[in-house]
Each structure stands twice: as structure tokens, then as C-alpha cells.
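Derivation of every value follows stated rules applied to the coordinates shown; laboratory data play no part. Please read all numbers here as calculations on a predicted model, not as lab measurements. Heads up, the Cβs are rebuilt from the backbone with ideal geometry, glycines too, and the neighbour counts pull from every protein chain shown.
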Amino acid sequence: MMNTLLAASVFAVLFSPAPIVQDATPDFSGTWTMDASKSDFGQMPAPQSIVIVIEHKEPALKATVTQKTSEGEMTSTRNLTTDGKENKNTVRTMEGEQPITSTSKWDGKVLATAFSLTIQNMSISVNESWELAPDGKTLTATREFATDQGSFAQKVVYTKQ
């Protein structure tokens, strides 16, 4: 009797359906528009608008950002991978083209990207994280900037179109 009970228990553990674990990373694909009322640009002036078009096919991610400010409109495209490998891109700033090297990797369901660039002869290191709301309709980008003159943070909230 004891052997039958033990055998039944072992059978149940080995052959019962395993729970499905949801480890899937978010898909950021879509067109995202800045929600200025929920965003905080810290010490920097807020742009008039930001639209990001994202094509995301894990591990590749292409983000085309169009930003409008009082100084004009700029569009930049960054090609990233989410596997921690270095990605080299050129972004447009008001000073012209800037080369950047970045690395992006998943921290749970948050995509963390680190990069640096130089603007007005000032080196700037940026740690950026993207997080998708559970409903998939809100993307929050937080950025921590470090310069020789100090550090500051931004939070930009986007709504899916």
C-alpha cells in the first residue's frame, strides 16, 4: 500500500501539467506620443512634442524619435539590441550629428539602456529605462543624466496611438 501511494505521488509530480510562467518581455512596437501633463523634464525645458515610432522584434529594436522644440524639429533613429551588446548610432542634436555607443538589456520587464554623448563640450552619461504599463497603452521613459556640473533626472510619459 505504501509503495502504491509513493508511486502515485511521484507520478503526479512528474507528469502533472507545469504552471505556465510568464517571462515574456514587453513589445514596445507602435507609435508613441508624449503626454506633457504626466512628464517631468527637470531642469531642462520641455519640448513642444515628441513622437516615437518603435519597431521591436526581440532582440532588435528601432526607435525613430521626432522632437519639436522652439528651435525647430529634429528626427533621430537609434537601432538597439536588448542583449547587452554595444550598439553604435548617430543622433541629431541642435549642434548636429552626435555619435553614441549604447548597451541595452532587460531588467525584468524594464529595458535599461546606458549611453554617453557630448553636447556643448560637456560629456553626458545617460541611464535610461523604458517600462510599459500592464495595459500596454502607456510607456514611461526615465532618464538619469550625469555631467561634470551635476546630475538630474527626467520622466517622459508616452501614450500609444
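Descriptive notes on the structure:
- Using alpha-carbon coordinates, inclination of helix 2-15 to the longest axis of the chain, degrees: 30 degrees
- Within the shell defined by Cβ-Cβ distances under 15 Å, the residues around Glu97 carry a net charge of +2, with Lys and Arg each +1 and Asp and Glu each -1.
- Across segment 26-160, Cα-Cα pairs farther apart than 21 Å form 39% of the total.
- Among Pro47, Pro59, Pro134: highest mean-square fluctuation, GNM of the chain, C-alpha pairs under 10 Å: Pro134
- The number of Lys pairs in the chain with C-alpha atoms less than 20 Å apart, excluding pairs fewer than 8 positions apart on the same chain, is 27.
- When shorter helices are ignored and each DSSP H run of at least 4 residues is given -39500 (n - 2.57), the per-residue value for the chain at 222 nm works out to -3000 deg cm²/dmol.
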